[in-house]
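Each remark here refers to the structure printed beneath this line.
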Amino acid sequence: MTDAAPAADDVTIRDVPERHRYELTVGDEVAGFSVYRLADGVMTFEHTEVDPAFEGRGLGSRITRFALDDVRSRELRIRIECPFIRTYLRRHPEYADLRAR
């Protein structure tokens, strides 16, 4: 592990539905994830975590942005239990329309 920020092409984010989470990898290593429940067209985000070795590099924001963009493209709604994503939404009102009523 190095202290250098990961190169943009070294970061991959994908939905892993069988594990109910989005995963962010740096190279071959899972560096972060966001756990969700999906029911009745609503994705409830429960927890987001970035490995301490990768903190401070904006990876939590990257995985959150990816997940919310994916939710929008799938025409789903969101509920937030995760404090990180709740804070992200306060700073990014462009995602407010995704909240379930």
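Restricted to strands (runs of 3 or more DSSP E) entirely inside the chain, those with at least 2 residues that are surrounded by 13 or more Cβ atoms within 10 Å (Cβ to Cβ) and in contact with a Cys (Cβ under 7 Å, 6 or more places away or on another chain) are 42-50.
Going by the conditions given, is Phe45 within 23 Å of Arg77 (Cβ to Cβ) and not acidic (Asp, Glu)? Yes; evaluated as a whole, the condition is true for this residue.
Which one of these is within 15 Å of Val11 (Cβ to Cβ) and not β-branched (Val, Ile, Thr): Arg57, Arg86, Arg79?
From the options Arg57, Arg86, Arg79, the qualifying one is Arg57.
Determine whether Arg74 is basic (Lys, Arg), modelled with pLDDT under 95 and over 14 Å from the mean Cα position of the chain (by Cα). No; evaluated as a whole, the condition is false for this residue.
The values are calculated or read from the model by the stated rules, or taken from the named source; none is laboratory data. Because the structure is a prediction, the values reported are computed rather than measured. Methodologically, a virtual Cβ is constructed for each residue, glycine included, from the backbone with ideal geometry; neighbour enumeration extends over all protein chains shown.
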